[in-house]
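The values are calculated or read from the model by the stated rules, or taken from the named source; none is laboratory data. Keep in mind that what you see is a predicted model, and the values were worked out from it rather than measured. Reconstructed Cβ throughout: ideal geometry from the backbone, glycine too, with neighbour counts over all protein chains shown.
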Amino acid sequence: MKKKNSMAKQKNSSLTFKVGLAISLLIIFLMSAVGAANYYRTRTILENQVLDKGWSIVSTCAAFAKEYLRSGSPALPAEFLANIKAMPNVNYIMVMDKGGRVMNHTDPFYNGRNSGISLPEKPKARKYTDKTGAPGIDFVAPVVTADGQTIGYFSLGLNTTGDEAMLKNLLYNMISITSAAVIAGLFLAMVLTRRILRKPIQDLMNATEHIAAGNFAHQVKVHNFDELGRLATAFNTMTGHLGNLFRSVQASAAEITKSSQIIISRAENFKQTMEGETSLSGSQSGIEGGNSSQVENLQEITSTARRMARLVDRLNSLSLQFKV
């Protein structure tokens, strides 16, 4: 039973289905690759834009904060902090001394406290999540004097919730577009394979069944002049040659039948003549012996001719099964 089921499954997997499946898988792969590449490219562009914006703000504000740190009054004006905080996606601004103690923060709660962040020697950006769970990027840069001394640090937090939401929507849109393209590609692949492959192959299968049934007059319709079209043309040429061959066999069989009938007829006439002459010259023993020998030879010829006629009849009955 298992073998029969497996054979049935193999029979159901037609060539057109396999070709359509292969084309569909190729479409899925290409659409997925294009969608993934577009998504990561867009993500990279957005991240670079956030980094450029963040470092631009840090560069400007660090220069402004340096003057206040050098003057011994590290508290930045409230108006300056409010203007920076009002910029889109800015979470916080923080000025620290070289020990990491917060000197200035957009949230007064942190003023005078230890920042608790690592203080890098060079400007550094890292991803973080704030207390509300919103994603962001934290920029930290040392405030360096002209002689190379670090007198403090400036930190900026940018909220990337909008960018993440945009990327999520972009991902959903790409998935929807890819799914629609895959469905359309599947339908198109099945239509094309059925139109290009299924009909010509079905015609060849039907023609093969006609040939197996002995109908050499059946011709395959040539749909296109591609490989399948050339195969159909070669198939028609082959059936034409086979038809000519069987017509030649039938003609030869007819000629052999006619010749065997003539031999039988002539042998019967000659036999009757010899039997008549033998009865008239029955007193001559020498002649009788010779005539009886000739009669036996004629009987053998007649028997052989009749066997040949029966064989030719069988050959004719076989050839009549084929429609040429």
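Is it the case that some residue within the stretch 147-157 is assigned by TED's automatic domain parsing to the domain that holds Leu46, loosely packed, with under 15 Cβ neighbours inside 10 Å and not polar (S, T, N, Q)? Checked against the condition, which is being assigned by TED's automatic domain parsing to the domain that holds Leu46, loosely packed, with under 15 Cβ neighbours inside 10 Å and not polar (S, T, N, Q), the stretch 147-157 yields at least one hit. For Pro74, the conditions (1) over 30 Å from Leu228 (Cα atoms); (2) modelled with pLDDT under 85; (3) assigned to a helix (DSSP H, G or I) are fulfilled apart from (3).
Here is a yes/no grid of residues against (1) crowded, with 19+ Cβ neighbours inside 10 Å; (2) modelled with pLDDT under 85; (3) assigned by TED's automatic domain parsing to the domain that holds Ala65:
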| site | (1), (2), (3) |
| --- | --- |
| Val102 | yes, no, yes |
| Pro108 | no, yes, yes |
| Gly116 | no, yes, yes |
| Lys122 | no, no, yes |
| Lys127 | no, no, yes |
| Thr132 | no, yes, yes |
| Pro135 | no, no, yes |
| Asp138 | yes, no, yes |
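The requirement of being of a type in the set (Phe, Trp, Tyr) and either closer than 30 Å to Asp313 by Cβ or in contact (Cβ under 8 Å) with a residue 60 or more places away in the chain (or both) is fulfilled nowhere in the stretch 185-198; no residue meets it.
Answer yes or no: is there a residue in the stretch 138-150 that is free of Cβ contacts under 8 Å to residues at least 60 places away in the same chain and within 47 Å of the chain's Cα centre (by Cα). Within the stretch 138-150 (the criterion being free of Cβ contacts under 8 Å to residues at least 60 places away in the same chain and within 47 Å of the chain's Cα centre (by Cα)), the answer is yes, since at least one residue qualifies. Would you mind finding the one in Ile177, Ile183 that is surrounded by fewer than 17 Cβ atoms within 10 Å (Cβ to Cβ) and within 16 Å of the chain's Cα centre (by Cα)? Only one candidate qualifies: Ile183. Cβ-Cβ contacts under 8 Å between residues 6 or more apart (or on different chains), taken from a first residue in the stretch 101-124 that is within 19 Å of Glu67 (Cα to Cα) to a second residue that is of a type in the set (Lys, Arg), are listed as Arg101/Arg113; Val102/Arg113; Thr106/Lys85. Of all residues in the stretch 193-203, none are modelled with pLDDT of 85 or more, of a type in the set (S, T, N, Q) and out of contact with any Lys or Arg (no Cβ under 8 Å at 6 or more places or on another chain). Within the stretch 224-269, the set of residues being outside any helix (DSSP H, G or I) and at pLDDT 75 or above comprises Phe225, Asp226. Kindly check whether there is at least one residue in the stretch 232-250 that is closer than 30 Å to Leu26 by Cα and surrounded by fewer than 16 Cβ atoms within 10 Å (Cβ to Cβ). No, the stretch 232-250 has no match at all.
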